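Reading through the C-alpha cells given below for one structure.
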Amino acid sequence: MKRKIIKQGHNTLTMTLPSDWVKKLNINAGDELDVHENSGCLVIGGKQNGKHKSTTIDITDLSVPMLWRFFQSVYREGYDEIKLIYETNKKSYEGAYDYYASQFEYARLGEKPSKKPAFDMISGLVNRFIGMEIIDHGEGYCIIKEMGELTSRQFESSLRRIFLLILELFDKIIGLVENNKIGDIRVCKTIHAMDTNVDRFIDYCCRINNRINDSSFQENKPIMFSTLFLLELLSDEFKYIARHLSKSKKNVDEISSFAKIVKEHFEMYYHLFYKFDRIGTIKFGENDFKIYNDHFKWKESVNKDANSIRGHLMQISKFVFCLMELRIEREY
C-alpha cells in the first residue's frame, strides 16, 4: 500500500495510518506507537500486548515428546491462555521431563520410568515454563494462563541468567571430572536439572522476543532467536557429557584441561557479547584455532567415555564459534 505525505506547518510531515490496521489493533487518537528506523524503512509497532491470544491443544494420542513440543511452541509464540484436552480413560502418563533419558539412559542404570496421573503430568509440564499457572481444570481438560506481564527488562535479566547458568554447568562438569565422580546416576540427574533451568530461561526469552515489539527488539529479533537456539543446543551437550560420566567405570580426568580451555572460549564470547571490541575478537579467533589444533593433535584415549566427552566439548566450541558469528553480524 502507498500513503501520501502531508505537510503540516513549516517542518512537519505526516501520513495517515491504514484504517483496517488501526481497527485491528484498536488504536485511538492519543495512543503512543513505537516507531523504529531500519535503514530506509520505518517500522510502526502497535500497542504492546494489546491482544489476548488463546489456543487449545488436544494431547490425546500425542507422545510425551510431541506434547512437549506443542506446548513449548505456543508458549514461545506468546499465547496468554492454553487449554489442554486429554483422554480421561488413560490412567497414567509418563513424566514430561527427561523422557528419552528415563527411557534409555536411566533404565540402563537401573531406574524404571515413573508414571503419573494426567493432572500431575500436566502440572509438572506447566511448572517448567516461567510465568504459567493452571487456573482451572475439570474432566479431561486443564486451562493454563500467564500470570504476569512481559517486559524488555525481564528479557535482559533472563538472558544474562542463561550465560551464568551455562558457566555453572562448565564448573560442575570440570569438578565432577577432577574429583572422579563417575558411575553414578545422580551425576546425570544433577546435570539434567541444571540444563532444564537453562531451557526454562531460553523459552522465556523466546516468549518475550515474540511479544515485545518496541524498537530495541525489532532490529535484532532474528539474530537473537538464532542465538537462543544455539545456546540451547550448546547447553544440551552437557547432558550428553553427564551420561558418559554416569556410565563410565574409568577415571576421565585426562579431559579436564581441555574442558577448561573450552570454558575459557565461552567466557570470551560471553564478555564480547556485552562489550564487543576488535582486540577481544582477535584473541577469540586465536583461541578458536588453538582449540582445533589441540583437538587434532590429541591421541585417542583407551577410555571410550573420555573420547566421547572430549567430542562433546569440541561440539560446544563449535557452537561458541557460531554464536560469535551472530555477535559479529549484530555490528553491521
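Bear in mind that the values in this text are calculations on the coordinates, not laboratory data. Predicted model, so just to flag it, every value in this text is computed and none were measured. Reconstructed Cβ throughout: ideal geometry from the backbone, glycine too, with neighbour counts over all protein chains shown.
When each of the peptides 274-280, 220-226 is scored by how many other beta carbons lie within 10 Å of its residues on average, the order from highest to lowest is 220-226, 274-280. Helix check for the chain. Which DSSP H runs span at least 15 Å along their own axis by Cα, with a mean Kyte-Doolittle hydropathy no less than -0.5? Correct list, ordered by number: 64-76, 152-178, 185-211, 221-247, 256-274, 304-330. Ordered by the count of other Cβ atoms within 10 Å of each Cβ, fewest first, Leu326, Leu233, Leu67 give Leu233, Leu326, Leu67.
How do the peptides 156-162, 236-242 rank, highest first, by the average count of neighbouring beta carbon atoms within 10 Å per residue?
Working: 156-162: 16.7, 236-242: 22.1.
Answer by packing, highest mean first, reads 236-242, 156-162.
Could you tell me which of the pairs Lys221/Lys283; Lys115/Lys249; Lys221/Lys299; Lys116/Lys239 are separated by over 32 angstrom between their Cα atoms in the structure shown? Lys221/Lys299, as the Cα separations exceed 32 Å there.
Can you return the lysines within cross-link range of Lys145? Criterion is Cα-Cα under 20 Å, with same-chain partners fewer than 8 residues away left out. Result set, ordered by chain and number: Lys51, Lys53, Lys83.
Per residue, the chain reaches -18500 deg cm²/dmol at 222 nm when only DSSP H runs of four or more residues are counted, each adding -39500 (n - 2.57).
Just need log10 I(q)/I(0) for the stretch 152-330 at q = 0.17, 0.19 Å⁻¹, Debye formula, equal scatterers on the alpha-carbon atoms, no solvent, rounded to two decimals. Ignoring solvent entirely, the Cα scatterers give -1.06, -1.25.
Spacing of the modelled spin labels on His137 and Cys322, each 7 Å from Cα toward Cβ, amounts to 3.7 nm.
Given R0 = 41 Å, the distance between the Cβ atoms of Phe119 and Lys250 translates into a calculated FRET efficiency of 0.40.
On the principal axes of its alpha-carbon atoms, the stretch 54-146 has extents of 41, 29, 19 Å, going from largest to smallest. Computed on the chain, the Cα convex hull volume stands at 169 Å³ per residue. In the calculated pair-distance distribution of the stretch 171-261, the portion above 23 angstrom amounts to 39 percent of the Cα-Cα pairs. Between Ser19 and Ile5, full extension at 0.36 nm per residue minus the direct alpha carbon distance yields a gain of 3.4 nm. Put simply, when 313-323, 138-148, 72-82 are sorted by average Cβ atoms within 10 angstrom per residue, most first, you get 313-323, 72-82, 138-148.
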